[in-house]
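Let me begin by presenting the structure, written as structure tokens, before commenting on it.
Coordinate-derived values only; no laboratory data. What you are looking at is a predicted structure, and each value in this text was computed from that prediction instead of being measured. Using ideal geometry, Cβ is built from the backbone for each residue, glycine included, and neighbour counts are taken over all protein chains shown.
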Amino acid sequence: MLWPAIVLFIAVILIYKRRFRLNKEPPLDKGYIPWLGHALEFGRDAAKFLNRMKKKHGDIFTVRVAGLYVTVLLDPNAYDALLSDTKALDFKRYAQVLMRRMFSLNLPNHDPASERSWMKQHFQGPGLVQLCESMQNNLQLLLNSTDVAQNPLQWRQDGLFSFCYSLLFRAGYLTLFEVDKNDITQLSTVYEEFRKFDGLLAKLARSTAKKGERRVASGAQERLWELLSACWLGERAGAQGNTWQQSYLQHLQSERVEEESQRRAMLLQLWVTQGNAGPAAFWLLGFLLTHPEAMLAVRAEIRSLQLQRHPLASLQNCTPVLDSVLSETLRLRAAALITREVIQDKLLPMSGGREYMLRHGDRVCLFPFLSPQMDPQIHSEPEEFKYNRFLNADGTERTDFFKGGVRMKYYNMPWGVGGNMCVGRHFAVSGIKQFVFMVLTCLDLELCDQRSTMPPVNPSRYGFGMLQPIGDLEIRYRLKPASCSL
Ligand code: HEM
């Protein structure tokens, strides 16, 4: 007697809770699998799935993903209207969910606005200039300490991804964190543990990591918490360091965050500050190595910089070709999902004039990678790398892109949009350009096999900032015969 009653009860709940599309709501696509909906396809390759949905439903639709309803907006001209409404949309709750899943971190009193204004002190204005100088010195220090510098004539072989990620990660880590510069072993350990952790982040965020993977991730987490806090909790406790990390620690203490959470928050910051620049530099150099005409144009620009009195100052402002290559690289490989929770019903105007209702309790996502970045109506042959896409014929930066005759305010959005736009973007751009400049001026660098092509993208990383490759691009390099100094 009990079973039929249970089945009936579940059936009544399911019917009662069934979701229907209401008047003015976006097209609803629940998928065929009860509760899960489209979760598997979304997690496997979000770009492919959302592109399929865009073709089926247009620029706005709601999908069911693991019990949640997610409205996806792909009309860049409606992004402002959405994100400017901080009453109906909440950034904090979903950020808290991710912090718990990815970093085992609970910051109940976390105030994103106060953290953002604290971050700005460092990543804008005079603070930024200081950090960029320090980054420059650290890149040079690391290059000089490698065995390339010890045996200048000898070619080294490596994967381009690990070459770029490890150098930029370690230089960024030395720049921002409290660390003994002579302790090369600690630097390498932090990098290796971070890569283990980074490799599993997407699965942790989606709660799909298997038992063994969860064990590896939490082992790496523990080790990183320990390594990142050793400097300020252990031997140097009480020292008044003036690094960015020390300042962050003081910020957390001013917010009365307990000590264990302070330790854990350091790993979150390590990921935020070091997780994207290395992969971006990899794609940029990879595109240059596989597109000789782009490499020639960048090398010509760098040669003209070297003739100037202050090449590094010019590197920040006078490199339209390198800037275009970087923008094109980010257009093709920066793929963050911008997610908010709908905390009040909201009527959203689209650029064509139609309005859609977003339902309280749902999530809403923007995926700028699909639109504007890969939108064929905005960028011709969007899959192709065109180094001069963001250049005018006279060599200045191109900023006029159109869709259906309307000039686009947003035609490339690697840094996000609105109030939560990446605070570290100027630091990231500067570090990537310094790195590329250093590699191209100090090293002979070539593909091991001239016929190599770019490795494919790992599709499970759509939604997590810079994409990463499956496999690598084999390169060889050695110090240039003429001495190099930046
Ligand atoms: C190529 C490199 C990078 C890319 C593509 C990138 C991209 C992004 C994106 C898309 C967001 C917005 C996420 C959202 O709205 O949900 C973001 C936020 C942020 N980024 Fe970056 N980022 C990069 C490098 C960096 C670096 C080097 C730093 C710091 C040194 C940094 C610090 C931050 C911070 C603190 C936020 C949070 C801003 C807030 O919530 O107010 N990023 N980044």
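Using θ = phi - 60° in the Karplus curve 6.51 cos²θ - 1.76 cosθ + 1.60, the 3J(HN,Hα) couplings for the range 191-206 round to 5, 5, 5, 4, 5, 4, 5, 4, x, 10, 4, 4, 5, 5, 4, 8 Hz; x is entered for Gly and Pro.
Phi angles of the range 391-399 translate, via the Karplus equation with coefficients 6.51, -1.76, 1.60 and θ = phi - 60°, into HN-Hα couplings of 10, 7, 4, 8, x, 8, 6, 8, 10 Hz per residue; Gly and Pro are given as x. Around the Cα centre of the range 309-365, unit charges on the Cβ atoms of Lys, Arg, Asp and Glu (plus for the first two, minus for the last two) sum to a dipole of about 80 debye.
Ordering Arg299, Arg215 from the fewest to the most neighbouring beta carbons within 10 Å gives Arg215, Arg299. Stokes-Einstein, applied to the Kirkwood radius of the range 333-486 over Cα pairs at a viscosity of 1.306 mPa s and 10 °C, places its translational diffusion at 83 µm² s⁻¹. Note that the range 272-281 has calculated 3J(HN,Hα) couplings of 4, 8, 10, x, 10, 5, x, x, 5, 5 Hz, one per residue in order, obtained from phi through the Karplus relation 6.51 cos²θ - 1.76 cosθ + 1.60 (θ = phi - 60°); glycine and proline are x.
Restricting the calculation to Cα atoms, the range 130-176 yields a radius of gyration followed by a Dmax of 11.6, 35 Å. Amide H to amide H, with H built 1.01 Å from N, Leu89 comes under 5 Å of Ile343, counting only residues 5 or more places away or on other chains. For Glu355, Glu474, Glu178, Glu328, the sequence from fewest to most other C-beta atoms within 10 Å is Glu355, Glu474, Glu178, Glu328.
In percent, what relative contact order does the range 338-392 have, based on Cα pairs under 8 Å that are 6 or more apart in sequence?
Relative contact order for the range 338-392 comes out at 28 percent.
Taking amide hydrogens as placed 1.01 Å from N in the peptide plane, the amide H of Tyr356 sits under 5 Å from those of Leu348, Met350, each at least 5 positions away in sequence or on another chain.
If you model the chain as an ellipsoid using its alpha carbon gyration tensor, with each semi-axis the square root of five times an eigenvalue, the axes come out at 40, 29, 22 Å, biggest first.
Quick one: if the Förster radius is 25 Å, what FRET efficiency do Arg19 and Glu355 give, using the C-beta to C-beta distance and rounding to 0.05? My answer for the efficiency is 0.80.
Summed over qualifying helices (DSSP H, 4 residues or more, each -39500 (n - 2.57)) and divided by its residue number, the chain shows a 222 nm mean residue ellipticity of -16000 deg cm²/dmol. About the Cα centre of the range 107-217, what is the dipole size in debye to 20, counting +1 per Lys and Arg Cβ and -1 per Asp and Glu Cβ, all else neutral? The calculated dipole for the range 107-217 is roughly 640 debye.
Summarise the long-distance tail of P(r) for the range 118-247 by giving the % of C-alpha pairs beyond 18 Å. Considering the range 118-247, 64 percent of its Cα-Cα pairs are separated by more than 18 Å. At an R0 of 56 angstrom, the distance between the Cβ atoms of Lys92 and Asn144 translates into a FRET efficiency of 0.80. By the rule of a C-alpha distance below 18 Å, with chain neighbours fewer than 8 residues away ignored, the aspartates and glutamates paired with Lys56 are Glu25, Asp29, Glu41, Asp45, Asp75, Asp375. Placing +1 on the Cβ of every Lys and Arg and -1 on the Cβ of every Asp and Glu, with no other charges, gives the range 277-393 a dipole of roughly 280 debye about its Cα centre.
Between amide H atoms placed 1.01 Å from N, distances below 5 Å from Met466 occur with Ala335, all of them 5 or more places distant or on a separate chain.
Exposed loop sites were defined as chymotrypsin sites (Phe, Trp or Tyr not before Pro) in DSSP loop states (anything but H, G, I, E or B) carrying at most 15 other C-beta atoms within 10 Å; in the chain the longest segment without such a site runs 156-486. Based on Cα contacts under 8 Å between residues 6+ apart, the range 149-221 shows a relative contact order of 26 percent. Between 0 and 90 degrees, the angle of helix 320-333 with respect to the longest Cα principal axis of the chain falls at about 40 degrees. Taking 22 Å as the straight-line reach from the Cα of Lys210, the lysines in range (excluding those fewer than 8 positions away in the same chain) are Lys196. Specify which residue in the list Leu98, Leu142, Gln130 is farthest towards the positive end of the charge dipole of the range 98-183, using unit charges on the beta carbon of Lys, Arg (+1) and Asp, Glu (-1), about the Cα centre. Of the listed residues, the answer is Leu98. Here's the list of aspartates and glutamates a cross-link from Lys92 could span, going by alpha-carbon distance under 14 Å and ignoring same-chain residues fewer than 8 apart: Asp111, Glu115, Glu341. Taking all Cα pairs closer than 8 Å and separated by 6 or more residues, the relative contact order of the range 238-355 comes to 19 percent.
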